[in-house]
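One structure below.
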Amino acid sequence: MLARVALRDQQAFKELYDLTSSHLYGVALRYLRTASTAEEILQEAYINVWQQAGTYAATLSAPMTWLISVVRNKALDHLRKFKRETETTDSVDAGAEGQVEAIADHADPHELFSAATEALVLKRCVAQLDAPQRQSLALAFYDGLSHSELAEHLRVPLGTAKAWVRRGLERLRKCIEAQQQPATGRAS
């Protein structure tokens, strides 16, 4: 059946899906713990199977073993990506708190309040960014990655990395400006 899928036989692919999807969904769910994420990863795995069926070697593994490894690898990639995004978000939060602590050593109460307020606004605005934008900005500003290093690190095209940084900065600017408007200028 995988050999027929490699030849782009849609009927064979449908049969393969019908025969294996419930078992492979269970594999994805075991790693990911949430139904929606498991479904998403299963879909990505089947896309990969459709595209890579020609690489399956019957002498190396049984078909189901190969399919399970495709799903497992997709699930692990997702978990690694989620971990990196979480660590990046944590570093943004730590960076804002570090700014307040650095100012605290030599500031009066008004400066401390101002710095804390700015850090809180920044934290709120960063939390509103999409995950790729948040991660891109954190890597660029806290880790000092260039656009090309960022693209390589995130495994995306250079234009995508640049767009994430540009759009993230624009959204941050608009959010911060909106947060800093005087209370009288806001609608009640």
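The values are calculated or read from the model by the stated rules, or taken from the named source; none is laboratory data. Every value quoted in this text rests on a predicted model; they were computed, and no experiment measured them. Don't worry about glycine lacking a Cβ; one is built from the backbone with ideal geometry, like all the others, and counts go over all protein chains shown. Protein only, heavy atoms only, side chains kept; ligands, DNA and RNA dropped before computing areas. Shrake-Rupley method; radii C 1.70, N 1.55, O 1.52, S 1.80 Å.
Observations on the structure shown:
- Scattering profile of segment 1-88 at q = 0.11, 0.22, 0.26 Å⁻¹ [log10 I(q)/I(0), Debye over alpha-carbon scatterers]: -0.31, -1.03, -1.30
- Surface listing: Ser69, Ser148 arranged by accessible area from highest to lowest gives Ser148, Ser69, probe 1.4 Å.
- By accessible area with a 1.4 Å probe, ligands and nucleic acids excluded, highest first: order of Tyr46, Tyr17: Tyr17, Tyr46
- When all protein chains stay in place and ligands, DNA and RNA are ignored, the 1.4 Å accessible-area order of Phe141, Phe13, largest first, is Phe141, Phe13.
- Cα gyration tensor of segment 109-180 - equivalent ellipsoid semi-axes, whole Å, descending: 27, 13, 8
- Lys83 contributes an accessible area of around 120 Å² to the protein surface, as traced by a 1.4 Å probe with all chains present.
- Local electrostatic count at Ile41 - Lys and Arg +1, Asp and Glu -1, tallied over other residues with Cβ under 9 Å: -3
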